[in-house]
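For reference, the structure is listed below as structure tokens.
The values are calculated or read from the model by the stated rules, or taken from the named source; none is laboratory data. Values in this document were obtained by computation on a predicted structure and should not be read as measured data. Heads up, the Cβs are rebuilt from the backbone with ideal geometry, glycines too, and the neighbour counts pull from every protein chain shown.
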């Protein structure tokens, strides 16, 4: 014999969660946000189609109703190449051969990094509606801007390749295979920061504004607008180890791209290009790249753990 009370007509009593619990008319299921980190790693792959859909949405929204569309993402590096070539090669004559190509090698990496993080930091807050209504791995929201930035990175890389052909840059083919671990480390490191910032920004909305200042300082801490050996020389003069520059995870990636695309000796410049970069073999560049991948992988798992810890109260904070 059941002791459950009969269900009252609709509207007779307010169907609040507390009332339903007291009357025991429906079973109450507690949904916990405590999911194992390794399960979250698998969920990202399981929901990969959703991730691709969110990436496509990011791409469509960015250039919605624009005539040129994705071509706008290529105009930025193209205009930078033209301006810096005119200013530094023709007007100032700074003595660095093909400085515009050297700069573009670093800017290509930085544009991806700096474009992905601001969007990722705001991703959960910007999608508060679906976060509170639909159950899915929320870290995918943070990874979508990274995927969109990677797409724009591929378009901007075409400008760099065109510059290599037009200016007849001698590519260091022995270093080209290093571009693969360099990009893997960059994407993994960016994804780790994206997930972490997306979770923290839900509770501390100043995070997205602080990120702008951090990225500004981070840019000048990376050898993009200046040569690596310039800072390395000052470190050696002060008897400091030059590997201190490699503590910046973006530096090994930037220097590797510069060495592969720009760093081949030019007979006309008497090898002056190499004076801008470390004059070592591929192994010298591969070691810090491997360290970046390992550190990025650890940070990625740690970011998922932080996200898992903070996700439980997302709905209340949003």
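Within the range 227-241, if we keep just the residues that are surrounded by 14 or more Cβ atoms within 10 Å (Cβ to Cβ) and free of Cβ contacts under 8 Å to residues at least 24 places away in the same chain, the residue that is farthest from residue 200 (Cα to Cα) turns out to be 235. Looking across the range 128-154 at every residue that is surrounded by fewer than 20 Cβ atoms within 10 Å (Cβ to Cβ) and assigned to a loop (DSSP other than H, G, I, E, B), the one that is farthest from the chain's Cα centre (by Cα) is identified as 133.
Would you check if there is a residue in the range 15-36 being at pLDDT 70 or above and within 28 Å of the chain's Cα centre (by Cα)? Checked against the condition, which is being at pLDDT 70 or above and within 28 Å of the chain's Cα centre (by Cα), the range 15-36 yields at least one hit. Residue count for the range 104-127 satisfying the condition of being under 16 Å from residue 205 (Cβ atoms) and in contact (Cβ under 8 Å) with a residue 40 or more places away in the chain: 9. Would you check if residue 169 is farther than 29 Å from residue 260 by Cβ and either in contact with a helix residue (DSSP H, G or I) (Cβ under 6 Å, 6 or more places away or on another chain) or at pLDDT below 90 (or both)? Judged against the criteria, residue 169 is not a match.
Entry remark, the range 281-318: residues being at pLDDT 85 or above and not in a helix (DSSP H, G or I) number 1 in total. Scanning the range 202-226 for residues that are farther than 18 Å from residue 109 by Cα and touching a residue at least 40 places away in the same chain (Cβ under 8 Å) yields 202, 203, 205, 207, 208. The set of residues from the range 233-262 being in contact with a helix residue (DSSP H, G or I) (Cβ under 6 Å, 6 or more places away or on another chain) and in a loop (DSSP other than H, G, I, E, B) comprises 249, 262. Check residue 101 against each of (1) touching a helix residue (DSSP H, G or I) at 6+ places or on another chain (Cβ under 6 Å); (2) within 22 Å of residue 201 (Cβ to Cβ); (3) part of a helix (DSSP H, G or I) and name the one condition it does not meet. The one condition residue 101 does not meet is (2). The residue list 162, 142 contains one member that is in contact with a helix residue (DSSP H, G or I) (Cβ under 9 Å, 6 or more places away or on another chain), closer than 24 Å to residue 60 by Cα and at pLDDT below 95, which is 142.
Whether a residue is over 30 Å from residue 223 (Cβ atoms) and touching a residue at least 40 places away in the same chain (Cβ under 8 Å) was assessed, and residue 130 does not pass this test.
Residues of the range 155-172 that are more than 23 Å from the chain's Cα centre (by Cα) and in contact (Cβ under 8 Å) with a residue 24 or more places away in the chain: 163, 164, 167, 169, 170, 171, 172. For the criterion of being within 20 Å of residue 291 (Cα to Cα), in contact (Cβ under 8 Å) with a residue 12 or more places away in the chain and either within 17 Å of the chain's Cα centre (by Cα) or not in a loop (DSSP other than H, G, I, E, B) (or both), residue 197 fails.
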